Amino acid sequence: MKNTLRQVFHSSKFVAGFIIFVAILLLMIIYPLINPGNPLQQIGVGTFAKPGTYVSLYDATKAPVSTFRLPDAAEKRLGTSLSEEDKAAMVEWFEAVGADISDLDTNDTEKMLEMWDEYYDPSAKPKGMIRAKILYYGRLDKSLKEMGSGDGDSISIAEPNEEGVLEETKKILDTDYVNTKEVANVKTLPLGTDNFGRDVLKELVSATGTSIRIGLIAGIVATLIGLTLGLLAGYVGGFLDDIIMFVTNIFTVIPGFVLLILISYSIGQEQRGAAVVAIVIGFTSWTWTARSVRSQVISLRNRDHVNLSKLSGHSLVRIVLTDILPYIASYVVMAFILQVSSGILSEAQLSLLGLGPKTTEVPTLGLMMNWAMLYSAHTNGSWWAYFPVILTITLISFSLNLMNTGLDQVFNPTLRD
């Protein structure tokens, strides 16, 4: 056993896949300790909040204030205030008045404002430009002047007094800064929020754990069914072999995913928990394991040690468990790993079609993809709602397949160096 483990962990592919998979498992265990709570809790009212750190404006106004005069503060403030439409309109004006924009970078706010001060003339009427457009540029110029008026800008905070009249209680200058550690409520969302306003990273960690559990249950079910039927068909043979192969061929002829869809649809949404979906996936994906195990057993059943056990009067169960199963154990382990990977992918496909586990219980990787697709995250630029899910599914499948390839190189004599 020690020698076998030593050989396995000498395989670079197995070790690489093992490290990736263990890292994912550690993240699943550690992150909930750092950020506990319900992964399906809605913390945002809007949808698809961008990744970043969010500070309570209410608490920030009550935090101790420090004064800073940063040299590029005004430019940054203007840069975030200018929309892409405004920048495009400014470039259009420059072109209309004949300015050289060959080297202009629209992200260089300072340069854009310098050119605007130089080339904008409220009395100018570029050829072919309608009056509504000219009025728009007038409003844009006024807005730019208001935003870029420099130090001294302020925002007044007013609260009603005893008579209900608003009175100014505080004035916030554009040079006032607060330390985020002094703000009572600060929330960091490394992956933003999804369409329901839920923390995507917390949801992703929980969904990864659920999907792996589904894969493990599906892998166990499929491997046990395939292993049992394959051992019986291969060792006993005869009429029992014909019956088992007949059933296996029926399941093989019917596309497994189509059968999976039909069974999942017939169960109904309310009864489709994670465990039920996993069992259904396992029940529809055992055929190739059964056929492969049967082939392996047929090549072993007439070996000398098996014939010796027969002559010794050992039972069928003992012969199968002690004289045949140990010789195909490595193959069974590899088949199980592939079944786990296949189970995770099958759940993702089912959930993407709306036939996965109940959406109100636990998140899964497939459900997260389904939610992102339903709310058009891929078309509105909300990449954080679906890309981390795709990356996680890819990493899990890649790590499991690497481990399987490494095991195959160790146990398959034709692949050994």
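Only a single item in (1) at pLDDT 80 or above; (2) aliphatic (A, V, I, L, M); (3) not in a helix (DSSP H, G or I) is not met by residue 91, and it is number (3).
Return yes or no: is residue 104 of a type in the set (A, V, I, L, M, F, W, C) and in a helix (DSSP H, G or I)? Answer is no for this residue. Based on this model, can you work out whether residue 53 counts as in contact with a strand residue (DSSP E or B) (Cβ under 8 Å, 6 or more places away or on another chain), loosely packed, with under 15 Cβ neighbours inside 10 Å and not in a loop (DSSP other than H, G, I, E, B)? Answer is yes for this residue.
When the range 214-226 is filtered for residues that are crowded, with 22+ Cβ neighbours inside 10 Å and either not in a helix (DSSP H, G or I) or not hydroxyl-bearing (Ser, Thr, Tyr) (or both), the ones remaining, listed by number, are 214, 215, 218, 219, 222, 226. Only helices (runs of 4 or more DSSP H) whose full extent lies in the range 310-406 are considered here, and the ones with at least 2 residues that are closer than 17 Å to residue 209 by Cα and at pLDDT 90 or above are 325-352, 365-374. Flag not set for residue 98, criterion: at pLDDT below 70 and over 26 Å from residue 53 (Cα atoms). Scanning the range 260-305 for residues that are closer than 15 Å to residue 237 by Cα and part of a helix (DSSP H, G or I) gives 290, 291, 292, 293, 294, 295, 296, 297, 298, 299, 300.
For the range 39-50, the count of residues that are at pLDDT 85 or above, part of a helix (DSSP H, G or I) and not acidic (Asp, Glu) is zero.
The values are calculated or read from the model by the stated rules, or taken from the named source; none is laboratory data. What you see is a predicted model, and the numbers here were worked out from it, not measured in a lab. Cβ atoms come from the backbone with ideal geometry, glycine included; neighbour counts cover every protein chain shown.
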